[in-house]
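Here is the structure we will look at.
The values are calculated or read from the model by the stated rules, or taken from the named source; none is laboratory data. None of the values given here were measured: they were computed from a predicted structure. Cβ sites come from the backbone with ideal geometry, for glycine too, and all protein chains shown count toward neighbours.
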Amino acid sequence: MAETARRPIIIGIGNTDRGDDAAGRMVAQRLADLLPPAITVVELDGEVTSLLSHLETASAAWLIDACRSGAPTGTIKRFDAGTTALPQDLGDLSSHVIGLAEAVELARALGRLPPRCIIYAIEAASFEHGAPVTPAVAKAVEKVAEQVASEISALCL
């Protein structure tokens, strides 16, 4: 099997049917049409093996997910997981059973974490099935999409 070239990847994580949990996937959707084809954009539901598989083939990664840490709704947190381990006192960085922080640290332990791995966590309020995304999270989604596009643009120059 021929080895594929490593490419930068955007991974939007979440569930579009659970209110603010859709935040990561919404960012990915906004970036899919804006970024050059050399950037892979995927949407995942948070399943760890799929996430690890995508990270393993990436030259750089941006992961976006909703979180529950007690901060005001719409708060944006940015972590550079490529240079340092994630802090242990993050609270629930993800809304999924195995959180994003645990998945990233597992990828690091398995040697699958790309050297540049940026995590954006958007503080969410509502995870109810069928609920709409709250206005504060919708605003944060736009900001994160702009920030990620800017970071990728700087990386590609």
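Against the list (1) hydrophobic (A, V, I, L, M, F, W, C); (2) touching a strand residue (DSSP E or B) at 6+ places or on another chain (Cβ under 8 Å); (3) under 23 Å from A140 (Cα atoms), the condition L55 fails is (3).
Could you look through region 25-52, keep only residues that are without any contact (Cβ under 8 Å) to a residue 24 or more places away in the chain and acidic (D, E), and pick out the one that is surrounded by the fewest Cβ atoms within 10 Å (Cβ to Cβ)? The residue in question is D33.
The number of residues in region 5-52 that are touching a strand residue (DSSP E or B) at 6+ places or on another chain (Cβ under 6 Å), among the small types (G, A, S) and in a helix (DSSP H, G or I) comes to 5. For the residues G74, G70, G111, the requirement of being at positive phi, surrounded by 17 or more Cβ atoms within 10 Å (Cβ to Cβ) and either of a type outside the set (A, V, I, L, M) or at pLDDT 85 or above (or both) singles out G74.
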